[in-house]
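The values are calculated or read from the model by the stated rules, or taken from the named source; none is laboratory data. A quick note: this is a predicted structure, and the numbers were derived from the prediction, not measured. All Cβ positions, glycine included, derive from the backbone under ideal geometry; neighbour counts span all protein chains shown. Surface accessibility is based on the protein's heavy atoms, side chains included, excluding ligands, DNA and RNA. Shrake-Rupley method; radii C 1.70, N 1.55, O 1.52, S 1.80 Å.
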2 protein chains.
Amino acid sequence: MSLTESTPEAAARAASLSARGLAVLPFSARNDALTAMHDALMANKEAILAANARDMARATSASESGQLSQSVLKRLDLSRPGKYQDMLSGILDVRRLDDPIGKVDLRSRLDDGLELERVSCPIGVLLIIFEARPEVIANIAALAIKSGNAAILKGGKESTDSFETIARVIGAAVDGTQVPNAAIQLVKTRDVIDQLLGLDRYIDLVIPRGGNELVRYVKDHTKIPVLGHADGLCSVYLHADADKDMAVKVVVDSKCDYPAACNAAETLLVHESVLTTVLPAVARALFAKGVSLRCDDTAKAALKKALPPTSAALVQDSTEEDYNTEFLDLIMAVKTVPAVTHTNGDEAASKSSGEDASLDLAIAHISSHGSKHTDCIVTTSSEAAEKFMSSVDAAGVYWNASTRFADGMRYGFGTEVGISTNKIHSRGPVGLEGLTIYKYKIKGHGQTAGEYGDGAGKRKYKHEKLAV
Amino acid sequence: MSLTESTPEAAARAASLSARGLAVLPFSARNDALTAMHDALMANKEAILAANARDMARATSASESGQLSQSVLKRLDLSRPGKYQDMLSGILDVRRLDDPIGKVDLRSRLDDGLELERVSCPIGVLLIIFEARPEVIANIAALAIKSGNAAILKGGKESTDSFETIARVIGAAVDGTQVPNAAIQLVKTRDVIDQLLGLDRYIDLVIPRGGNELVRYVKDHTKIPVLGHADGLCSVYLHADADKDMAVKVVVDSKCDYPAACNAAETLLVHESVLTTVLPAVARALFAKGVSLRCDDTAKAALKKALPPTSAALVQDSTEEDYNTEFLDLIMAVKTVPAVTHTNGDEAASKSSGEDASLDLAIAHISSHGSKHTDCIVTTSSEAAEKFMSSVDAAGVYWNASTRFADGMRYGFGTEVGISTNKIHSRGPVGLEGLTIYKYKIKGHGQTAGEYGDGAGKRKYKHEKLAV
């Protein structure tokens, strides 16, 4: 680990060079570095917490003078019960994972003595930009080393002391292992984020770990691919046949389990035909949790009729902007999906095609307002569910389950690098696998491409699939 | 297909909306559209060739006045023997491929009645920017529809007539199928590339099909991910133990099979110890093909000594810039990799560690000068080959085989969208698979994330892997 005071370019170049050495390290050597990191962080807990206390003292005064939010303060605090231990066991969790490198997922005999393989390999150099949470450094450094990637770490100003101390401890620990010194670079210099984001020559992937503003800034200021998501505008759609109890459970959890999370639901779409049968129960349950609803006229009228006047304050008028807003709070936008009626044909067929047309409207709303994070349909119809899940373009498409399940731990992936709403490479919760790419290896015996072809005397490719 | 005269934004928005409909079309419906395209192109061959003849007439005068290169002229010409038939059979090749959509590659029981699946799905909207080759439109439109992606096509000015006519024929054919009308959008308006590249709200992936300058321009002017490669600076390294005959075959084919291709070799790295044993034979074979060599002093001296004075004109001095140059011509840069000697220890061990150090130097050269496309080592040592293939960060890393094998057809992938040097998503020759991403589906029965956890009365996740 280099605690570099040098230029961002020097740090990136050094990381890029060291990536070659890291890429050939055996699995055991990478795991040994994780063990060393874990042990050093355990041994240096006091020094790290003391550094964190200095950051906390500064942050507390900033918070008292209104310059820093309470939530940043909370994220910064490493002394909260269980947090330090979580950081340590996070490293061991990563160590336990299978090797993501060297996995062959395609093998083919192009011709006798000419074999093609596709093998997973590290991406190269990661740039990780942190905001407040200092423990994420340990987690990400572990993921980077495990996947054979070099990493450049750039911390936020609130966590300067914690960040430097943790990085120094990790650096000393890793220095005693086979991992190349320059593989993890810490950039302390301030105001260099723009310079780092311009180093696409050396840096292969940027992972911003922080709030929406950071992610959006990073996406707008670099040509390097960014793994992350700026927005989480998740919707729940209650279809015409939604079960009332299920709707209540799913909506309340999606909204209230942790409203500040990116996978919390912000918009509730309600089929017109369940405005008076299902919505009132959902609304009552949400009100009991302190949620206020911003409704279109139709939904508002239905709720006003069904609910006691006491809840009037919690039923508000929505504006168009509410359907584009990630509230991250106990507020939910409600929109009616019109029941589309068909006047021709027999009643059953027209009802079903009408519901299909309403489903299209719900999907269209999500397409134009959603953030491609996670969206849910509550329905008893598997046909409607399948159509919804195929049509909605989001990293997570759920049927009768809370949007809050969108999480690497809940998916069983172990630790995660982040949740991506990209549509290239990794999407949804991204674990170790998202830090790899592949290369094609060919092993031959001097074959030339010119030997092969359709003409006389030319060899033909065999293209035999081989077991992997 | 819309032959839109409207704004790029309107075209992109329409494509984006239609992508939803396309994403739910069954496999057979997508294949039917390919059949319709094929049949219509066959039926309208005369009209298309007439349009192409008009483009060719304009291009020929431009070429005669020196405004257009001969190679563009050649690429533009659809009447060359076999070319039209290749376009038609290319569509049938794509039709024969398995469905890339709806493939489940991960399935897990999170809990009873709560299942997680990862399913391949279309990326969404592709922007494809063509230069001269009009037949690529048919190929790419087939790949887009097969993979359920909407596509916006923007042709180059040289091929305007061919492009419009082909697009119109394809459009009319697709209109008679279940594929949504707006799924393939043709943008005819000129000078709108910058506008299109700014539409990251609607467009998910850009595929530039043209020369280096186009690819570089696109990469520099968009935040949308780009699938492609600007450079192909491939190297062949002759290690200390390289077999002479194999070296001759591999180097000559890598350089001469098709010098203008991106997978042709540009740099020859030669271990010092084979400068007089292997290099002269390689050089003689290259000279016979008309290749001139730009050599460093050591390699030049070795060649001057070994070869007759008649070849002197073909042995030139290299500059540093030659090692960064994609010649795309019968020119090759030659660089000596010093034999590193160790003075201590027994002779055999020191020789082997010296060769290892030389290998590091060759790898370092490729790392700092290569373009991560395809690089090859010629060696009889499997240890050296494995180290080279693991360390060199390129889409293709070859052992004793020509760099010219880097090609989708040769890999057995069938038709290809392009060759990517990206390190995110697809790399190397990219086929249908590269036009897909995945989504996570959860099917539940009203489960909430709040039910699960470590506390008393909380449910635990099962995370049982299920067969896919």
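Rounding to the nearest 20 debye, state how big the charge dipole of the stretch A:234-405 is about its Cα centre with +1 on each Lys and Arg Cβ and -1 on each Asp and Glu Cβ.
The dipole magnitude comes to about 620 debye.
Can you figure out the FRET efficiency of A:Ser61 with A:His221, using R₀ = 30 Å and their beta-carbon distance, to the nearest 0.05?
0.45
Is the protein assembly as shown rounded, prolate or oblate when judged by the Cα gyration tensor, a ≥ b ≥ c being the square roots of its eigenvalues, rounded requiring a/c under 1.5 and prolate requiring a/b larger than b/c?
The shape class here is oblate.
May I ask you to order A:420-426, A:319-325 by the average number of other C-beta atoms within 10 Å around their residues, highest value first?
A:420-426, A:319-325
For the charge dipole of chain B, defined by +1 on Lys and Arg C-beta atoms and -1 on Asp and Glu C-beta atoms about the Cα centroid, which residue among B:Ala182, B:Ala167, B:Ala242 has the Cα displaced farthest towards the positive pole?
B:Ala182
Heavy atoms only, probe 1.4 Å: what % of the accessible area of the stretch A:2-220 goes to carbon and sulfur, would you let me know?
That fraction is 49 percent.
Be a star and scan the stretch B:82-107 for residues whose amide nitrogen sits under 20 Å from the point 7 Å along the Cα-to-Cβ vector of B:Phe27.
B:91-107
Provide the packing ranking of B:446-457, A:126-137, i.e. peptides ordered by the mean count of other C-beta atoms within 10 Å per residue, highest first.
The peptides rank, most packed first, as A:126-137, B:446-457.
Modelling each spin label as a point 7 Å along the Cα-to-Cβ direction, I'd like the A:Lys465/A:Glu386 distance in nm, to one decimal.
2.4
In this model, which of B:Lys146/B:Lys223; B:Lys146/B:Lys255; A:Lys458/B:Lys423; A:Lys146/B:Lys423 are farther than 29 Å apart at the alpha-carbon?
Flagged as over cut-off: B:Lys146/B:Lys255; A:Lys458/B:Lys423.
Given Cβ point charges of +1 (Lys, Arg) and -1 (Asp, Glu) and nothing else, what value in debye, to the nearest 20, does the dipole of chain A about its Cα centre take?
I would put it at about 1220 debye.
When only Cα pairs under 8 Å and 6 or more residues apart are kept, what is the percent relative contact order across chain B?
19
Evaluate the stretch B:2-220: find the radius of gyration of its Cα atoms, find its Kirkwood radius, and give the ratio Rg to Rh.
When Rh is taken as the Kirkwood radius, the ratio is 1.02.
Restricting the count to DSSP beta bridges whose residues both fall in the protein assembly as shown, what percent are antiparallel, rounded to a multiple of 5?
Rounded to the nearest five, the antiparallel share is 30 percent.
Could you check what % of the DSSP bridge pairs in the stretch A:372-468 are antiparallel, to the nearest 5?
Rounded to the nearest five, the antiparallel share is 40 percent.
Mind giving me the FRET efficiency for A:Met409 and A:Thr189? R0 is 30 Å, r the Cβ-Cβ distance, nearest 0.05 is fine.
Between A:Met409 and A:Thr189 the formula returns 0.30.
Looking at chain B, send over the antiparallel percent of its DSSP beta bridges, to the nearest 5.
About 30 percent, rounded to the nearest 5.
With just the Cα atoms defining each centre, how far is the stretch A:203-280 from the stretch B:253-314? Give it in Å.
Here the two parts' Cα centres lie 60 Å apart.
Take peptide A:100-110, look around each residue's Cβ out to 10 angstrom, count Cβ atoms belonging to other protein chains, and average those counts.
For peptide A:100-110, the averaged partner shielding equals 1.
Taking the Cα centre of the protein assembly as shown as origin and charging only Cβ (+1 Lys, Arg; -1 Asp, Glu), how large is the dipole, in debye to the nearest 20?
Dipole about the Cα centre, nearest 20: 500 debye.
Going by the alpha-carbon gyration tensor, a ≥ b ≥ c the square roots of its eigenvalues, is the stretch A:1-101 rounded (a/c under 1.5) or, if a/c is not under 1.5, prolate (a/b greater than b/c) versus oblate?
The shape class here is oblate.
State the Cα centre-to-centre distance between the stretch B:71-101 and the stretch B:398-451 in whole Å.
Using only Cα atoms to place each centre, the spacing works out to 22 Å.
Cut-off under 20 Å on the C-alpha distance; same-chain residues fewer than 8 positions from B:Lys462 excluded. Which lysines are left, in chain and number order?
B:Lys441, B:Lys443
In peptide A:328-341, what is the residue-averaged number of other protein chain Cβ atoms found within 10 Å of each Cβ?
Counting Cβ atoms of other protein chains within 10 Å of each residue's Cβ and averaging gives 0.
Zone of B:Asp360 (label point 7 Å along Cα→Cβ, backbone N under 16 Å): which residues in the stretch A:24-52?
Only A:24-26 pass the distance filter.
Just to be sure I understand the model, the point goes 7 Å from the Cα along the line to the Cβ. What's the resulting B:Leu106 to A:Lys244 distance in nm?
Placing both labels 7 Å beyond Cα along the Cβ direction yields 3.9 nm.
Which distance in nm do the two modelled labels at A:Thr276 and A:Ala301 give, with both placed 7 Å along the Cα-to-Cβ direction?
Placing both labels 7 Å along Cα→Cβ, they lie 1.1 nm apart.
For A:Met409, what accessible surface area do you get with a 1.4 Å probe? Give it in Å², rounded to 10.
So the heavy atoms of A:Met409 present about 120 Å² to solvent.
Name the shape class, rounded, prolate or oblate, that the alpha-carbon gyration tensor gives for chain A, where a ≥ b ≥ c are the square roots of its eigenvalues, rounded holds for a/c under 1.5, and otherwise prolate holds if a/b is larger than b/c and oblate otherwise.
Note, shape of chain A comes out oblate.
How well do other chains shield peptide A:259-269, expressed as the mean number of their Cβ atoms within 10 Å of each residue Cβ?
Taking the mean over all residues of the peptide, I get 0.
Given 0.36 nm per residue, what is the gain on full extension from A:Asn181 to A:Arg284 after removing their alpha carbon distance, in nm?
That works out to 31.2 nm of additional length.
For helix A:244-256, report the angle its Cα long axis makes with the longest principal axis of the Cα atoms of chain A; keep it between 0 and 90° and round to the nearest 10°.
50
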